[in-house]
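Report on the following structure.
What follows draws every value from the coordinates through simple rules; no lab data is involved. Small disclaimer: the values here were computed from a predicted structure and weren't measured. Here Cβ is always computed from backbone atoms with ideal geometry, including for glycine, and neighbour counts include all displayed protein chains.
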Amino acid sequence: MTSVLRLKAKLPTPLVALADLAYDYWWSWTEERVSLFSIIDPIRWQACGHNPVALLEAVPLERLWQVAEDPYYLNRLRHLTSQFEAYRRNGQAQNQGGHRAPWANQVAPQISPDRPVAYFCIEFGLHESLPLYAGGLGVLAGDSLKSASDLGVPMVGVGLLYRQGYFHQHLNRSGWQEEHYAHCEVNHLPMELVRDEFGQPVTIKLDIRQRPVRVQVWRVQVGRSQLYLLDTDRSDNDPLDRRITSQLYGGNPETRLAQALVLGIGGVRMLYALDIEPMVYHLNGSHGAFGLLEVAQRDLRYSEADFGAIAAQVRQSSVFTTHSPVSAAGNVFAADLIESFLGGYWPHLGLSREDFLALGNHRPDDPWGLFSMTVLALRLSGKANGVSSRHGEICREMWQALYPDCEMHQVPIGAITNGVHAATWTAPLMGDLYRQYLGYDDPTPLTDPSRWARIDAIPDDQLWQRHSLLKERLIAYTRDRVRTARHSRGEAADEIAAVDHLLDPNVLTLGFGRRFSPYKRGELLFSDLHRAIRILAHPRRPIQIVFAGKANPTDEEGKRIIQRLMEWCRHPALRDRVAFIEDYDMAVAKLLLAGVDVWLNHPRRPEASGTSGQKVALNGGLNCATLDGWWAEAYRAGGAGQAANGWMIGKANPVADPDVQNQQDADSLYDLLEHHIAPLYYQRDGQSSALEGHRGGLPRQWIAMMKASIHSCAPIYNSDRMVAEYLTQMYMPSPEPVVVNAFS
Ligand SMILES: *Cc1c(COP(=O)(O)O)cnc(C)c1O
């Protein structure tokens, strides 16, 4: 019996429809749907990590029957069930806006549910209840599956099932990050083990370390997209092999290489085992690149052609999105490791050791060099792109050596700027306001600027009131989390009591949430501590900041940054103004990104795109960031009666010396906060800037900036626009296939 049937058997008859909803992440896209589960038992909902299957299994029958007899609840359930059924048939429900299903079908009729886009990624961030993501790459993959579903683009995700997920962050008494992994009970996750017609799990086999490894497959439903997750944790595998897929980015190079084999080669074998023959292979990040070799391997079996000719064929249906802006970063393997794992594989491709290693080598003069998955992906993909215009330029420069016949501007790496799934990342309070003023039943697509032009119709006080509520909620949540953390560290009673004074809803609130790694410069705000204190603890125009983010387990410098931030959280002049929320994840992100007044982003340039600022813009927050990634495209300085949509830190172009750059950017940040941002925020309707007056007056110019930000960012930096661009620019066969560094 499938899991969904088991769950149905348990539910009272009037609630049976809940089971289908629980097993499709469509439920997670709007608060209206989420609350269908959360109100059954709010406390258990928290305890279950917002997982509806675990919730329904844990709630006592008594309570389920109570709900089953509530006519109001049953009405809502009926309403959402019929919406759900209509969605499964037609894609985006009319009143959600968005392209109707026929759009994708007209644009690309050759892409069909039988011949979908196969989207390979090492992480997928769909929701906090499915811990298969670490950060931006995974959330992008999750948002892509959701928008593909909304737009009616047939897409299947291919990823790995990590039973221990990604690490949880705990900061000890000295502020040092400790990592721990929670084991997740797969049987309580909203996914099905894929079985054949005899009820047996579908498995595929591949050789890793000269041993056969059996891989089973789980299916997660994401609206009309599916996510297939490969899993080696089977009792018929060697204990070492069972752990291949246990942790995201965990383990040593061998484990990471084994994961790349399972994702790539295993992923393609799995698709064929399920009778799915992709029209397009899209590698989001390079981890799945071995999959394209497997596609070539299959084609070679039925062909007289050699690898070079077959590779040219593979390139006609493969797309690669590169993410790292640094060529040396990650995802490279030593040649002898490649040999020990793949030595048995390359003969099937008709390749010698040298030919094979050359596929991943970007320095022809160094045959013993590292094998780069990015190079392999570039060599085997017909089209490649970076994730913002700037990033595209950087990639062309970075990889020009791979294309000796091309001038820089001819290097065939384009750009599609990232976007975020609007329904997922817009707080319900804001989404409701938008629907009210932009039209409840407006069929205009989300990506149409004319829809967002009506943002000016929202009365200032209503926008401000909703925003203020979201900020209050963030502050209450932050206090809860900090209090719990101090408790668990066994801190003194007065330290715990002090949390009652942490943050103030009337104070200008900044946010910073992302991975702590030196290049992201998470402590730029404190590079001059005296100046930082003067600005944050200003008597009339105070500023506060909430931090969140993890450091890579191996990144000592990143952990030291967190440790210093924790010291500033305790600094007598800053203790009420600086907070750190531990264990950043999608749930924290939703609250943090919707509740801040200003979002900071100031990585050392270049950065790929960044997406959290886009989520902030959807909720009316303002970005203050270096001119990089998506912000280099989105920033509008304002003027001529137009409000700016945020602020730019530093100058448009970076300087070479990192110390000079830090100094320049820190000065600029201080100057902006002190002379522009705080004065504007505290400038209220006919009121002086006395702290007491805040609740009364409205910051009219600030609100004008909020509207400018929503209006200019929302129609563009969403994943509907992004997926539509992938469809038309990358997935559609071009009349003349772009030839990328033909293998010779
Ligand atoms: C959006 C998001 C990210 C990516 O943010 P960047 O701005 O790209 O750094 C990372 N983690 C979580 C939980 C997110 O929601």
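For the charge dipole of the chain, defined by +1 on Lys and Arg C-beta atoms and -1 on Asp and Glu C-beta atoms about the Cα centroid, which residue among A422, A108, M191 has the Cα displaced farthest towards the positive pole? With unit charges placed on the Cβ atoms, the residue in question is A422. The H on the amide N of V213, modeled in the peptide plane, is under 5 Å from the matching H of L206, D207, I208, each at least 5 residues off or on a different chain.
Setting aside same-chain residues fewer than 8 positions from K707, which aspartates and glutamates have a Cα under 14 Å from its Cα? List returned: D456, D460, D461, D597.
The alpha carbons of segment 147-227 give a radius of gyration and a Dmax of 17.7, 56 Å, in that order. Projected onto planes of every orientation and averaged, the convex hull of the alpha-carbon atoms in segment 450-531 covers 9.2 nm². Converting the Cα gyration tensor eigenvalues of segment 290-412 into ellipsoid dimensions via √(5λ) gives semi-axes, longest first, of 24, 18, 12 Å.
For K8, the lysines whose Cα falls under 26 Å of its own Cα, not counting residues fewer than eight places away in the same chain, are K146. Its relative contact order, with pairs defined as Cα atoms under 8 Å and 6+ residues apart, puts segment 290-412 at 30 percent. Within the same chain, lysines fewer than 8 places from K651 are excluded, and of the rest, those with a Cα less than 20 Å from its Cα are K520. Put in order of Cβ neighbour count within 10 Å, fewest first, the listed residues Y477, Y72 become Y72, Y477. For the chain, the relative contact order comes to 13 percent (Cα pairs under 8 Å, sequence separation of at least 6).
A simple charge model with +1 on the Cβ of Lys and Arg, -1 on the Cβ of Asp and Glu and nothing else charged puts the dipole of segment 1-74 at about 240 debye relative to its Cα centre. Considering only F356, G251, Y228, and ranking their Cα positions along the charge dipole of the chain that arises from unit charges at the beta-carbon of Lys, Arg, Asp and Glu, the one farthest toward the positive end is Y228. Ellipsoid fit via the Cα gyration tensor, segment 3-88: semi-axes of 17, 15, 13 Å, each the root of five times an eigenvalue, largest first. The percentage of C-alpha pairs in segment 429-491 whose separation is greater than 16 Å is 59%.
In this Cβ point-charge picture (+1 for Lys and Arg, -1 for Asp and Glu), segment 235-318 has a dipole of about 240 debye about its Cα centre. Across every pair of different alpha-carbon atoms, what Kirkwood hydrodynamic radius in Å does segment 239-330 reach? Hydrodynamic radius (Kirkwood, Cα only) of segment 239-330 equals 14.6 Å. For segment 3-88, relative contact order (Cα pairs under 8 Å, six or more residues apart, normalised by length) works out to 33 percent. Taking every DSSP helix (H) stretch of at least 4 residues in the chain, weighting each as -39,500 (n - 2.57) and dividing the sum by the residue count yields a mean residue ellipticity at 222 nm of -11500 deg cm²/dmol.
Converting phi to 3J(HN,Hα) with the Karplus coefficients 6.51, -1.76 and 1.60 and the offset θ = phi - 60°, segment 550-567 yields 9, 10, 4, x, 8, 9, 4, 5, x, 5, 5, 4, 4, 4, 5, 4, 5, 5 Hz in sequence order, with x at every glycine or proline. Computed on segment 448-715, the Cα convex hull volume stands at 133 Å³ per residue. A viscosity of 1.306 mPa s and a temperature of 10 °C, combined with the Kirkwood radius over Cα pairs in Stokes-Einstein, give a translational diffusion coefficient for segment 187-266 of 119 µm²/s. Along the charge dipole of segment 290-412, Cβ charges K/R +1 and D/E -1, which of A305, S340, T322 sits furthest on the positive end? Positive-end residue among those listed: T322. Couplings for segment 620-629, taken from phi via the Karplus curve 6.51 cos²θ - 1.76 cosθ + 1.60 with θ = phi - 60°, read x, x, 10, 8, 10, 8, 5, 7, 8, x Hz in order; Gly and Pro are left as x.
Couplings for segment 77-82, taken from phi via the Karplus curve 6.51 cos²θ - 1.76 cosθ + 1.60 with θ = phi - 60°, read 4, 4, 4, 5, 5, 6 Hz in order; Gly and Pro are left as x.
When the Cα atoms of segment 365-423 are enclosed in a convex hull and the volume is divided per residue, what value in Å³ results? Spell out each step's value before the answer.
Working: hull volume 6.4 nm³, N = 59.
Spread over its residues, the Cα hull of segment 365-423 gives 108 Å³ apiece.
Of all stretches in the chain that contain no GluC sites (Glu not before Pro) in a DSSP loop with at most 15 other Cβ atoms within 10 Å, the longest one is 492-744.
Taking 0.890 mPa s as the viscosity and 25 °C as the temperature, the Stokes-Einstein diffusion coefficient of the chain based on its alpha-carbon Kirkwood radius rounds to 91 µm²/s.
Over segment 395-469, what lengths in whole Å, largest first, do the semi-axes of the equivalent ellipsoid take, defined as the square roots of 5 times the eigenvalues of the alpha-carbon gyration tensor?
Values: eigenvalues 359, 40, 23 Å².
With the √(5λ) rule applied to segment 395-469, the semi-axes are 42, 14, 11 Å.
Taking amide H as placed 1.01 Å from N in the peptide plane, the amide H of G646 sits under 5 Å from that of R636, each at least 5 places away or on another chain. Taking amide H as placed 1.01 Å from N in the peptide plane, G157 has its amide H under 5 Å from the amide H of Y119, Q226, L227, Y228, each at least 5 places away in sequence or on another chain.
Overall, the chain carries a charge dipole of about 1040 debye about its Cα centre when +1 sits on the Cβ of Lys and Arg and -1 on the Cβ of Asp and Glu, all other atoms neutral.
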